[in-house]
Every structure is written in structure tokens, then in C-alpha cells.
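Novice: I have a structure I would like to understand better, so I am pasting it below and will then ask my questions one at a time.
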Amino acid sequence: MSKKVLVLSEVREGTLRNVSFEAIASAKTIADGGEVVGVLIGDAVETLSAELIQYGADRIVTVEHPHLKQYTSDGFSQAFVAVADAEKPDAIVFGHTALGKDLSPKIASKLQSGLISDVTAIEGEGDDALFIRPIYSGKAFEKVKVKDGLVFITIRPNNIAPLEKDESRSGEVSSISVDITNLRTVIKEVVRKTTDGVDLSEAKVVVSGGRGVKSAEGFAPLQELAKVLGGAVGASRGACDADYCDYSLQIGQTGKVVTPDLYIACGISGAIQHLAGMSNSKIIVAINKDPEANIFKVADYGIVGDLFEVVPMLIEEFKSVAVK
Amino acid sequence: MNIYVLVKRTFDTEEKIVLNGGVIQEDGAEFIINPYDEYAIEEAIQIRDAQGGEVTVVTIGGEDAEKQLRTALAMGADKAVLINAEEDVEDLDQFSVAYILAEYLKDKEADLIIAGNVAIDGGSGQVGPRVAELLDINYVTTITDLDIDGDTVKLVRDVEGDSEVIESSLPLLVTAQQGLNEPRYPSLPGIMKAKKKPLEELELDDLDIDEDDVEAKTETVEIFLPAQKEAGRVLQGELQDQVKELVQLLHSEAKVI
């Protein structure tokens, strides 16, 4: 049976996040010929509608309000639930991002529904859809189905391919007016720490450092390499525990789980708790002085050597290739 | 300050996952308090020590979870509650777990509820916000700092590496992110004292919960292990040549750059 699917689109600094297009592609699979409705929430977001339609949404509903300029769970849940009440969807897709993780359980609870979080693949279509998600931080996977009622999932960024952009597509854009009240959270300030706005969980390239980086300053060449490749910097627990970097960079079973196209592990031994956070990356490169390091067991390519020698050479080589 | 901490017993992070007949094998595995819940326990103890009050740790699980509750008591929590649903229901999902916890908490007049932001086994991160919604109280997830002054709560929230400085008020549910604090190890006197601290065991009947109320909305139909990654190629030769070869391989063979 074809389904109506609502997709929450996510906007950061005025542009749509990639995961929103991936969510539309996921929604198409669930819709099985039904309608995919993009939902845009913010203070001025309507102009982004066209791009969502080009990526496969059939129709857009916007909710605009000054109180929705910044995300709060109270504000966004009031807006999204108003859309859900009006549209009565069979399924809902969010990105498994900071926003999606914070908001989706609240809405699932309001709608008294199940919620399958952090989906990395969908098997089958429509009513037969099975959702694959990592458990134990990727040491195992489970296939989950919805027993009854609303299908509600969040998808992990970088795993489900978006549809091809089609600029000839068009669709209806409508708005719902919602009175956003009683916000119990006030955001006083946002302190940006992320390097160049490339988010670790969405980055196509991650350059990661371990104890072998030896100091906070030791991360400088890694940051430069990440910059050259348009990627983000991560770290092992060892490096975080040793205070070389912030815990927000930690990759592993405690910390973030990442699945970039390219993961470059520098001076990381490859403890099982770290491997859980990165071993599902598409291509893994290991740079380590110790040829016996565990990390080489999961690496596609390895270089045995001092990262402080290898990384600067890599930076130069990538730069010269880019010039060519 | 009346503080409740939601905890879960999980596999040790160093454990490998082994499947036996499609089920994760638990025999011989080491179990721990979910690491994010340890931050929650530590934070609760620090707040109680500074402002007075009581810390109650709550878990849903079987008899085995008593060990983790005793550890929490040894760290310094005052009371523990084990809600044993195993006899009544076979499969619980996040919907069910949140429902049970909220039914337990609804008349407890908690000022503050702290949970880990995610459990390292299931990894859904749903239960905290779901419980808050069911109790109709506010929540803030993935916090790295918490400061309570009267009814006003100042928090710092980790948002994909950035930090939001937030103001809210009690009652409140928060979920702990790494960096919130440094959880203590139980001391020997702590362990001795923990043996005498109250540990209450409840069943669904005690909470007036009907099996139908907590029927899971989702169902796991299969568990599988990821394809074993084969060890790749360790490059040889002069370092400079290895670097050139690597960039070449990433470009032409792996096609990732």
C-alpha cells in the first residue's frame, strides 16, 4: 500500500543539510509510490522549498515563526505536531543529527508511536520495509520492523544515497500558521567549536588522531590535512583522556560513530572501543609507527611510519594532486 | 533536591559481540553500568553533596542488574530501584521502557532526572526525552555542564561539537554527554555501605501496569554481524613513495578523493 511520508528538513546557517536529501530518498522507499511531503520549520525557510522538491519531495509544508529561529524541542515539536495533525502521515523520517536525536523521541512520545533510530539502510519497500541499524556501536546490526501504526525513523547521515537532483521538478508549497508558546528552554549563546563548519558525523573525510599525536599542538598537521581534504578532525579516547583535544571529537563506542568515505587514522592503535566507532567507514587509511598495531587489521591501506613525517608529506601530495 | 538517575546495565565496551543461533551471546561477557549513565550518577551525587537531598538510581532489567545498582550505591547513590519486567513481558522497546519508567516516576515529585544520553548497546537515545514528555517536564540532552541555582538551571549542551549555553528551570530531565564530569570509582567503605543501602525490587503489577500498555511498537526480526573487514595493504618502499602511492590509490582504486 502506498504511504504518505513526512520528512523533516534540516537547515543550518541558511542552507539545507545533506541528510535532508537522504531523508527524502528514504521516504520514497517507504512511500512505495505514495506522497513525500517535506516539512520546513524556521523563521524564514520557505525559499528552500524548491531545492527539496528538486531532490524528490512532492510537496512542501512550511511553519514559520520568529520563535523558530533557533531550535528548541518545545518550539519545533509544536510546529511539527501541527503539521502531523493536519497531514495524518503513515510514516515520518528525520535525520539522526543532534536536532533529530533531540526532537524525534519527544514527537514519537506525543504521537504514541514507536521510533527506529539511526537507520543506515532500508530493505524492501512500503509495508514490507525492514530497517537496518547498528547496535553496540556497529559491532552488530539489527533489522527492525514496525509492528503496528506509524512508521517513524531517523536516518544516519552519509549512509543512504540521495536521489539525483532534478531541476525540472515542481510541487505545491503551503504553510501552516502555529502559535509557538511556552518555550521552557532559552538558548543564551552558541559557542562554535567545529572546524570550518564541517561536522564530524556528516564529514566525507575524517582525519583522526590518537595517543601517537602526543600533544594538543600535535593535532595541527591533522587539522591541516582535514582542511585540504574538506574533512573534519576526530580523535580516539586515548587522545581525549590525555587532554590533547575536546571530548566532542571522540570517535568510538563512547563518543561518536562515523562512516565517512575516507577515514585516516594517525597514531591510533585501534582498541576495540575505537574500532566500533569507525570500522564501517568506506576506506580506512592507517598511519602508525608500530607495524603490529591493531588498526592495520581493519585498514585498507597502511603506512608504517611516524605520523609527523607522513602527514606533512600527505598534505603536500594532496595539494599537488589537487593543483593538477 | 530529589534526584532520580536512570541507568542501564550494558556489555563492557571491550567485549566482542558473538552470535549464537541469531542471538547475542551473553555467557561470560563482562557487564558494566552504561558509561554515559556513570556521568549521570556522578553528577547526581555532586549536586546532592552540594545542595542536599537524595539520589535514587532506577533501572529496568532482570536480577543480574542488581550488581550495577550496587555499584551505583557504592559510588554514593542513596537508594536503588530495580523494575523487573522480565517475568511479564518478553520484548520491550523504547516506547515500553519509557512508559514503565514514567509510570514509576509520575508520583515521585522528582526535581531533577538524569540519564545517559545514549546506551552503548541499543544506541537509540530515546528513553530520556520520551520519559520527560510523558511526565510533561522539560528536557535538555547531551549536556556537558550543569549549574543549579534555586529553580534556575544553567546548562551547556553539546551540539555536534558546538556548545549551546542554555537556561531552563526545575523540574527538568537532562541526559549526560561525555565531558560532564569524571565519574568516581567506588571506594572500599563505599562498597561496604552499599550492601546496607535500600534496593527495592518492583514488578509491573506493583506499578499497576498492564502488559498491553507496554507492548512494543517495534520488533527486531534479525541480528547480524557486519562483514569481516579484511586487512588491506601495508605499503612498502621509501616513505615519500608510499605517500605518492597512497594518494594515487585513494584516487584511482578506492575513488574516494
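Novice: Points 7 angstrom from Cα along the Cβ direction at A:Arg12 and B:Asp136: gap in nanometres?
Specialist: Those two pseudo-labels are separated by 3.6 nm.
Novice: So, one more: What are the residues whose amide H is under 5 Å from the amide H of A:Phe152, where those residues sit 5 or more places off or on another chain and H is modelled from the backbone?
Specialist: A:Ile92, A:Ile116
Novice: Rounded if a/c is under 1.5, else prolate if a/b beats b/c, else oblate: with a ≥ b ≥ c from the C-alpha gyration tensor eigenvalues square-rooted, which is the protein assembly as shown?
Specialist: Oblate, because a/c is 1.5 or more while a/b does not exceed b/c.
Novice: Would you please give the residues with an amide H less than 5 Å from that of A:Ala121, counting only those at least 5 places away or on a separate chain, with H modeled from the backbone geometry?
Specialist: A:Ile132
Novice: Let me make sure I get this right: for region B:107-234, a, b and c are the square roots of the gyration tensor eigenvalues over alpha carbons, sorted descending. Under 1.5 in a/c it's rounded, otherwise prolate if a/b > b/c, else oblate. Which is it?
Specialist: Since a/c stays below 1.5, the shape of region B:107-234 is classed as rounded.
Novice: Still on this model: Can you tell me the orientation of helix B:239-252 relative to chain B, as the angle in degrees between its alpha-carbon axis and the longest Cα principal axis, to the nearest 10?
Specialist: Roughly 80 degrees, rounded to the nearest 10.
Novice: Tabulate in residue order the Karplus-calculated ³J(HN,Hα) for region A:117-122, using 6.51 cos²θ - 1.76 cosθ + 1.60 with θ = phi - 60°, rounded to whole Hz; enter x for Gly and Pro.
Specialist: Each residue's phi maps through the Karplus curve to give 8, 6, 6, 10, 7, 10 Hz.
Novice: Quote the relative contact order of region B:2-214 in percent (integer), defining contacts as alpha-carbon pairs under 8 Å separated by 6+ residues.
Specialist: Relative contact order comes out at 26 percent.
Novice: Now for a separate question. Using the Karplus curve 6.51 cos²θ - 1.76 cosθ + 1.60 with θ = phi - 60°, what ³J(HN,Hα) values do you get for each residue of region B:159-175, in whole Hz, with x for Gly and Pro?
Specialist: So the Karplus estimates, Gly and Pro as x, are 10, 6, x, 7, 10, 9, 9, 10, 10, 8, 9, 7, x, 8, 10, 10, 10 Hz.
Novice: Let me ask something else about it. Gaussian network model of chain A, Cα springs within a sub-10 Å range: biggest mean-square fluctuation belongs to which of A:Pro312, A:Pro66, A:Pro291?
Specialist: A:Pro66
Novice: Students often get this wrong, so check it: of A:Lys88/B:Lys217; A:Lys3/B:Lys217; A:Lys3/A:Lys256; A:Lys227/A:Lys319; B:Lys67/B:Lys217, which have C-alpha atoms separated by over 22 Å?
Specialist: A:Lys3/A:Lys256; B:Lys67/B:Lys217
Novice: Now, a different point. Rounded to the nearest 5, what % of DSSP beta bridges with both residues in chain A are antiparallel?
Specialist: Close to 20 percent.
Novice: Roughly how many Å² is the accessible area per residue of chain A, as a whole number, for a 1.4 Å probe?
Specialist: Heavy-atom accessible area per residue stands at 37 Å².
Novice: Under the classification rounded if a/c is under 1.5, otherwise prolate if a/b is larger than b/c and oblate if not, where does region B:2-214 fall, given a ≥ b ≥ c as square roots of the Cα gyration tensor eigenvalues?
Specialist: rounded
Novice: So, one more: Charges only on Cβ, +1 for Lys and Arg, -1 for Asp and Glu: so what's the dipole of region B:2-214 about the Cα centre, in debye to the nearest 20?
Specialist: Charge dipole of region B:2-214: 1080 debye, to the nearest 20.
Novice: For the B and A pair, go ahead and give the buried accessible area with a 1.4 Å probe, both sides summed, in Å² to 100.
Specialist: Using a 1.4 Å probe, the pair buries roughly 7100 Å².
Novice: OK, next. Put a dot 7 Å past each Cα toward the Cβ at A:Ser170 and B:Glu109; how far apart are the dots in nm?
Specialist: 6.3
Novice: Output wanted: per-residue J couplings in Hz (rounded whole) for region B:30-38, from phi through Karplus 6.51 cos²θ - 1.76 cosθ + 1.60, θ = phi - 60°, x for Gly and Pro.
Specialist: Those phi angles translate into 7, 10, 9, 6, 2, x, 5, 6, 5 Hz.
The values are calculated or read from the model by the stated rules, or taken from the named source; none is laboratory data. All values derive from a computational prediction rather than experimental measurement. With ideal geometry, Cβ positions are generated from the backbone for all residues, glycine too; neighbour counts draw on all protein chains shown. Ligands, DNA and RNA are stripped out before the accessible areas are found, and what is left, the full protein with its side chains, is counted by its heavy atoms. Shrake-Rupley method; radii C 1.70, N 1.55, O 1.52, S 1.80 Å.
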